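Peer 1: Shown below is the structure under consideration.
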């Protein structure tokens with residue numbers, strides 16, 4: 001991709017110092033937000049009438065702050081990244097880390113094609129090993145059958161791409177069929193569930209047994225994203241801090257208690273973007289932590305190593321995200337968030353979200369390896385507590401207490 005980037009810059013110095021309305025106005029000035037979307041964000045993006053159609057037993061809309069992460073440059077393109085999260089230090093820290101990475105050229109990322117996994121479990125299959133071989137021998141026929149039930153996706157260039165069978169318990173005849181489906185720019189849950197439910201009775205008719213579960217897996221191993229970045233020791237604050245960041249990363253590799261918190265720091269950023277953009281953050285979380293455990297031992301999703309002039313960070317994780325379907329059309333606030341982010345497809349979205357995760361991880365390690373996490377965190381936390389106190393005073397005044 002060309003280094004020429006006609007997009008608006010993600011460097012907006014002093015943005016955090018502006019009043020809220022001026023921040024929105026600045027995004028309009030930068031061409032990142034239409035005046036219509038700006039008005040929508042100013043007055044609130046989800047009418048309760050729409051919310052009532054989105055969910056069940058709706059009472060009202062439960063709001064989270066919608067912020068933007070700044071300074072992000074991924075694959076030579078700038079991104080202003082919407083983030084929905086109640087913890088102010090997450091947005092501030094990710095933006096600051098992205099600024100440090102930007103000095104060395106930004107993040108470099110790649111995402112696999114959007115392949116999701118449909119699982120079909122079968123019970124009581126006679127001669128399961130022979131059944132497994134039989135299904136594999138007719139793979140092309142089964143993939144054609146899968147495509148018949150999702151013709152619209154096939155027309156858009158997607159569809160069933162591969163199949164595999166595993167015998168889970170020979171004595172009970174339990175086996176599982178995985179059908180891998182290219183789902184385009186969708187998250188893909190409904191598509192792969194449709195495939196699984198269609199193929200299950202056909203498989204039973206072919207090999208015997210009973211239909212078990214028919215549903216997607218939230219561990220999409222063929223839909224991973226990888227991101228890398230470099231940061232100089234000078235930008236970090238010196239060689240000693242660079243060394244301590246690498247040792248902190250090594251701590252996460254060696255100790256599961258630290259590894260979990262290390263990965264939680266990554267998900268601070270990933271989940272905040274997922275919420276802002278209407279993604280299934282529960283599925284993302286489940287897949288990330290399962291992936292961290294694949295070796296049989298819980299591992300960090302991101303690892304930092306020393307380079308000649310600083311540190312190098314690498315993150316890999318499964319990431320099933322969408323730019324179509326779900327809340328992307330229904331929720332006007334999500335539509336406005338996509339307008340700000342300006343990604344073309346689901347794979348590009350995955351690369352940006354992973355970069356935010358790696359930035360969040362860097363920010364946490366830098367703080368922990370330096371002055372500790374509390375100094376910056378508590379400064380912002382006190383501001384939130386002040387808001388809580390003010391809200392309490394207002395409630396008291398209204399109630400006459």
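None of the figures in this text is laboratory data; all of them are computed from the coordinates on show. Everything numeric in this text was worked out from a predicted model, so none of it was measured. Neighbour counts run over all protein chains shown; Cβ positions are idealised from the backbone, glycine included.
Peer 1: From the list (1) 21.9; (2) 23.1; (3) 22.5, can you say which value of Kirkwood radius over Cα pairs in Å was derived from the structure given?
Peer 2: Given (1) 21.9; (2) 23.1; (3) 22.5, the calculated one carries the label (2).
Peer 1: Label-point separation (nm) for residue 55 and residue 206, each offset 7 Å from Cα along Cα-to-Cβ?
Peer 2: Taking the two extended label points, one gets 4.1 nm.
Peer 1: Quick one: if you take sqrt(5λ) for each eigenvalue of the C-alpha gyration tensor of segment 1-81, what semi-axes come out, biggest first, whole angstrom?
Peer 2: On the way: eigenvalues 180, 50, 28 Å².
In descending order the semi-axes read 30, 16, 12 Å.
Peer 1: Relative contact order for segment 69-170: what percent, with Cα pairs under 8 Å and sequence separation of 6 or more?
Peer 2: On the way: 81 pairs, mean separation 22.2, N = 102.
Relative contact order, segment 69-170: 22 percent.
Peer 1: How many Å³ per residue does the convex hull of the Cα positions in segment 169-241 occupy?
Peer 2: On the way: hull volume 11.7 nm³, N = 73.
For segment 169-241, the hull spanned by Cα atoms encloses 160 Å³ per residue.
Peer 1: Turning to a different aspect of this structure: For the chain, find the longest principal axis of its Cα atoms and tell me its angle to the long axis of helix 139-148, 0 to 90°, nearest 10.
Peer 2: Long axis of 139-148 versus the principal axis of the chain: about 60 degrees.
Peer 1: So if each residue of separation counts as 0.36 nm, and I subtract the Cα-Cα distance between residue 307 and residue 286, what length gain in nm does that give?
Peer 2: Working: separation 21, 0.36 × 21 = 7.56 nm, distance 3.22 nm.
Taking 0.36 nm per residue and subtracting the Cα distance, the gain is 4.3 nm.
Peer 1: For the chain, what does -39500 (n - 2.57) per DSSP helix run (n ≥ 4), summed and divided by total residues, give at 222 nm, in deg cm²/dmol to the nearest 500?
Peer 2: Numbers: 16 runs with 203 residues, N = 401.
That comes out to -16000 deg cm²/dmol.
Peer 1: On a 0 to 90° scale, report how tilted helix 346-369 is relative to the longest principal axis of the chain, with both axes built from alpha carbons and the result rounded to the nearest 10.
Peer 2: So the inclination is approximately 50 degrees.
Peer 1: Segment 115-216: Rg/Rh from Cα coordinates, Kirkwood Rh? The partial results should precede the final answer.
Peer 2: Working: Rg = 13.0 Å, Rh = 13.3 Å.
When Rh is taken as the Kirkwood radius, the ratio is 0.97.
Peer 1: How many percent of DSSP beta bridges within segment 18-155 run antiparallel, rounded to 5? Spell out each step's value before the answer.
Peer 2: Numbers: 7 of 8 bridges.
Expressed as a percentage, antiparallel bridges in segment 18-155 total about 90.
Peer 1: Run through all the Cα pairs of segment 253-369 and give the fraction in each 5 Å bin from 0, expressed as whole percent.
Peer 2: All Cα pairs, binned at 5 Å, distribute as 2, 11, 21, 22, 17, 12, 8, 5, 1, 0 percent.
Peer 1: Give the peptides 322-328, 225-231, 55-61, 126-132 in descending order of average Cβ contacts within 10 Å, highest first.
Peer 2: On the way: 322-328: 18.9, 225-231: 22.3, 55-61: 8.9, 126-132: 15.9.
Result, highest mean Cβ count within 10 Å first: 225-231, 322-328, 126-132, 55-61.
Peer 1: Here is a follow-up. With everything on Cα atoms, drop me the angle between helix 189-207 and the longest principal axis of the chain, reported from 0 to 90° to the nearest 10.
Peer 2: 20 degrees
Peer 1: Normalised by the residues of the chain, what does the relative contact order come to in percent, with Cα pairs under 8 Å and at least six apart?
Peer 2: Working: 732 pairs, mean separation 82.2, N = 401.
Averaging sequence separation for qualifying contacts and normalising by length gives 21 percent for the chain.
Peer 1: If you don't mind, there's one more thing I want to ask. Please state the relative contact order of segment 115-216 as a whole percent: Cα pairs under 8 Å, 6+ residues apart?
Peer 2: On the way: 206 pairs, mean separation 46.2, N = 102.
The normalised contact order for segment 115-216 reaches 45 percent.
Peer 1: Let me ask another. How big is segment 35-191 by Rg and Dmax over its Cα atoms, in Å?
Peer 2: 23.3, 65
Peer 1: Indicate the gyration tensor shape class of segment 245-297 (rounded, prolate or oblate), computed on the Cα atoms with a ≥ b ≥ c the square roots of the eigenvalues: a/c under 1.5 is rounded; otherwise a/b larger than b/c is prolate and the rest oblate.
Peer 2: Working: a/c = 3.69, a/b = 1.67, b/c = 2.21.
Cα axes put segment 245-297 in the oblate bin.
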